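A.B. asks: Submitted below is the structure of interest, expressed as structure tokens.
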Amino acid sequence: MDSDTLLFFQKHPAALPIYEVLERKIQAAIKSVEIRVQKTQITFTNRHVFACVSFQKVKPAKELPEAWIVVTFGLDHPVESTRIAVVTEPYPNRWTHHVLVKCPEEVDTQLMGWIVEAAAFSDAKS
């Protein structure tokens, strides 16, 4: 774990184990991933950004657990699932999905399927 990532989680140390599982699974599932740690998010890119991790408030603060991250990914269609906290269409046929992840076990086959699909969608964009 690099110092920028540790600094990103400084105010949310309980969320670091969730992120570590996510990063490991993304790197195992998707080739040529670049990870950029920024002030408000960590982005995963191939040709373009396909997913990111943040502490965006997708639920009222009183409903948030002690440990959590928000995983955001983009697709060419909206996904309907109770796991997805927010879905928006910032551009025609480009849908952004925000998923509240509360424990490492929630980085599961379903979430990883969406992220792999988002990486393929991102890689195919011109």
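The values are calculated or read from the model by the stated rules, or taken from the named source; none is laboratory data. Here the structure is a predicted model, which means the values were calculated and not measured. Using ideal geometry, Cβ is built from the backbone for each residue, glycine included, and neighbour counts are taken over all protein chains shown.
A.B. asks: On the given criteria, is Ala28 surrounded by fewer than 16 Cβ atoms within 10 Å (Cβ to Cβ), among the hydrophobic types (A, V, I, L, M, F, W, C) and free of Cβ contacts under 8 Å to residues at least 24 places away in the same chain? Write out each step before concluding.
C.D. replies: Values: surrounded by fewer than 16 Cβ atoms within 10 Å (Cβ to Cβ): yes; among the hydrophobic types (A, V, I, L, M, F, W, C): yes; free of Cβ contacts under 8 Å to residues at least 24 places away in the same chain: yes.
Yes.
A.B. asks: Does any residue in segment 1-20 that is within 13 Å of Ala67 (Cα to Cα) come within less than 6 Å, Cβ to Cβ, of a residue that is loosely packed, with under 15 Cβ neighbours inside 10 Å and of a type outside the set (Phe, Trp, Tyr) six or more places away or on a different chain, and which pairs are these?
C.D. replies: So the pair list comes out as Ala14/Glu66.
A.B. asks: Moving to a separate point now. Scanning segment 1-25 for residues that are of a type in the set (S, T, N, Q) and in a helix (DSSP H, G or I), which turns out surrounded by the most Cβ atoms within 10 Å (Cβ to Cβ)? Please lay out each step first, then the result.
C.D. replies: The initial filter retains those residues of segment 1-25 that are of a type in the set (S, T, N, Q), namely 3, 5, 10.
If we keep only those that are in a helix (DSSP H, G or I) as well, we get 3, 5.
Working: Ser3: 8, Thr5: 16.
Going through the qualifying residues, I end up with Thr5.
A.B. asks: Hey, another quick one. Confirm whether Ala15 is modelled with pLDDT of 95 or more, among the hydrophobic types (A, V, I, L, M, F, W, C), in contact with a strand residue (DSSP E or B) (Cβ under 7 Å, 6 or more places away or on another chain) and over 20 Å from Leu75 (Cβ atoms).
C.D. replies: When the stated conditions are applied, Ala15 passes them.
A.B. asks: Residues in segment 46-59: is at least one under 14 Å from Leu111 (Cβ atoms) and surrounded by fewer than 12 Cβ atoms within 10 Å (Cβ to Cβ)? Before you say what the answer is, go through the steps one by one.
C.D. replies: Going through segment 46-59, the residues under 14 Å from Leu111 (Cβ atoms) turn out to be 50-53.
Imposing the further condition that a residue be surrounded by fewer than 12 Cβ atoms within 10 Å (Cβ to Cβ) reduces the set to none.
There is no residue in segment 46-59 that is under 14 Å from Leu111 (Cβ atoms) and surrounded by fewer than 12 Cβ atoms within 10 Å (Cβ to Cβ).
A.B. asks: I would also like to ask the following. May I ask you to list pairs of residues, at least six apart or on different chains, whose Cβ atoms are under 7 Å apart, with the first in segment 48-75 being closer than 14 Å to Phe9 by Cβ and the second being hydroxyl-bearing (Ser, Thr, Tyr) and exposed (fewer than 15 other Cβ atoms within 10 Å of the Cβ)?
C.D. replies: Close Cβ pairs (under 7 Å, with a partner that is hydroxyl-bearing (Ser, Thr, Tyr) and exposed (fewer than 15 other Cβ atoms within 10 Å of the Cβ)) amount to Ser54/Thr40.
A.B. asks: Now a separate question. Check every one of the strands (runs of 3 or more DSSP E) wholly within segment 30-112 and list those with 2 or more residues that are modelled with pLDDT under 95.
C.D. replies: Numbers: elements: 34-37, 41-45, 49-54, 69-75, 84-91, 94-101.
Of the strands (runs of 3 or more DSSP E) lying wholly inside segment 30-112, those with at least 2 residues that are modelled with pLDDT under 95 span 84-91.
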